[in-house]
Amino acid sequence: MSGDGFDKLRLIRSPHIGPVSYRQLVARFGSARAVLDALPDLVKRSGGKAAIADAHSVEQELAAAAKAGARHVFLDDPEYPELLSYLDNGPACFLARGDLGLLDRNPIAIVGARNASAGACRFARSLAHDLGQHDFAVVSGLARGIDTAAHMGSIDSGTIAVIAGGIDIAYPPENAELQDSIAERGLLIAEMPPGTEPRARHFPHRNRIIAGIALGTVVVEAAPKSGSLITARLAAEAGREVMAIP
């Protein structure tokens, strides 16, 4: 990775630097290196204490990503999906394994209940297959139920899985083989650093990426107050199509 990429990742991993503040700071100072140089003084003037990610931890992350066969994609990289860049809080970078070209294949998200009925899973799998036959990439979150069915239906035509933990962590465990298959034949995306075990707070962040990279989101048999409905709300707020299968 270039020195510029290293500086970007170090800034992104620094405490209290989120996607919005990252954009604002880089726009103000012109580069991640300039922000890192200015950050101690900025924090001091605001009465806080400077906290910048340790360079060694960034080196460890880069080594872990390389071991996992993944690469970092930054906000201003040519491969960064245009639709995702329209989100104010879109990730400043994510890790990817697989074919980034699928992001240009008119992605459609299919999400739904983890404890879905057999009929709903069959429908999701069939819909994903048919979308693939019409050259759409299918996006989902690799969860049990509808997500798994959507990935299974589109694994041969082009499927994109966005996961909540690290790129090297299989979750749920029973989908470990499917996750590896998607990385080899489709595209696997993770915002969290390698080695991160998924926690409840990570899933809404994952959902915004699913909604953000897709032209539209199809919700299949979602439960009230579910993550699927969060994805649908985020898609609507981003001005994308939202469709539902009751």
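The values are calculated or read from the model by the stated rules, or taken from the named source; none is laboratory data. Just so we're clear, the structure is a prediction, and the values are computed from it rather than from any experiment. All Cβ positions, glycine included, derive from the backbone under ideal geometry; neighbour counts span all protein chains shown. Just the protein is used for accessible areas: all its heavy atoms, side chains included, with ligands, DNA and RNA removed. Shrake-Rupley method; radii C 1.70, N 1.55, O 1.52, S 1.80 Å.
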For the pair residue 176 and residue 199, how long in nm is the line joining their label points, each one 7 Å along Cα→Cβ?
2.4
Quick one: 3J(HN,Hα) in Hz for the stretch 126-134, Karplus 6.51/-1.76/1.60 with θ = phi - 60°, rounded, Gly and Pro as x.
5, 4, 4, 4, 5, 4, x, 5, 9
Quick one: order 221, 174 from most to least accessible surface, probe 1.4 Å.
174, 221
Amide H neighbours of residue 116 at under 5 Å, excluding residues fewer than 5 places away on the same chain, with H built from the backbone geometry, are 146
If you roll a 1.4 Å probe over the heavy atoms of the protein chains, what accessible area per residue do you get for the chain, in Å²?
47
Would you mind checking the tilt of helix 3-12 against the longest principal axis of the Cα atoms of the chain, expressed as 0 to 90 degrees and rounded to 10?
80
Judged on accessible area alone, 1.4 Å probe, highest first, 35, 43 line up as 43, 35
Run the numbers on the chain and let me know its relative contact order in percent, using alpha-carbon pairs under 8 Å that are six or more apart.
18
Once both labels are modelled 7 Å past Cα along the beta-carbon direction, what's the residue 42-residue 67 spacing in nm?
3.2
Starting from 0 in steps of 10 Å, tell me what percent of the Cα-Cα pairs of the stretch 62-180 lands in each bin.
14, 42, 36, 9, 0
Could you tell me what percent of the DSSP beta bridges with both partners in the chain are antiparallel, to the nearest 5?
30
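So if I place +1 on the C-beta of Lys and Arg and -1 on the C-beta of Asp and Glu, and nothing else carries charge, what would the dipole magnitude of the chain be about its Cα centre? I want it in debye, nearest 20. Show your work: numbers first, answer last.
Numbers: 25 positive and 28 negative charges, 177 e Å.
Dipole about the Cα centre, nearest 20: 860 debye.
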Integer Hz, Karplus 6.51/-1.76/1.60 couplings in order for the stretch 117-124, x for Gly and Pro
6, 4, x, 5, 5, 4, 5, 4
Percent carbon-and-sulfur accessible area, the chain, ignoring ligands, DNA and RNA, probe 1.4 Å
52
Within the P(r) computed for the stretch 13-80, what percentage of the Cα pairs occupies the region above 21 Å?
33
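Rank these residues by their accessible area, most exposed first, probe 1.4 Å: 231, 196. Kindly include the intermediate steps, with their values, before the conclusion.
Values: 231 0, 196 30 Å².
Highest to lowest solvent-accessible surface, that is 196, 231.
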Beyond 23 Å, what share of the Cα-Cα pairs of the stretch 108-246 remains, rounded to the nearest whole percent?
23
For residue 218, enumerate residues with amide H under 5 Å from its amide H, sequence gap 5+ or separate chain, H modeled in the peptide plane.
109, 110, 111, 243
In vacuum, with every alpha carbon of the chain counted as one equal point scatterer, what does the Debye formula give for log10 I(q)/I(0) at q = 0.08, 0.14, 0.16 Å⁻¹? Two decimals, please.
-0.31, -0.87, -1.10
Connecting every pair of Cα atoms under 10 Å apart in the chain and solving the GNM, the largest mean-square fluctuation among 204, 78, 193 falls on 78
Report residue 44's accessible area, 1.4 Å probe, all protein chains in place, as a number in Å² to the nearest 10.
150
If one puts a single equal scatterer on every Cα of the stretch 81-124 and applies the Debye formula without solvent, what log₁₀ I(q)/I(0) results at q = 0.30, 0.31 Å⁻¹?
-1.10, -1.13
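Counting only other residues whose beta carbon sits under 13 Å from that of residue 205, what net charge do I get with K and R as +1, D and E as -1?
On the way: positive: 199, 201, 206, 208; negative: 191.
Combined, the nearby Lys, Arg, Asp and Glu give +3.
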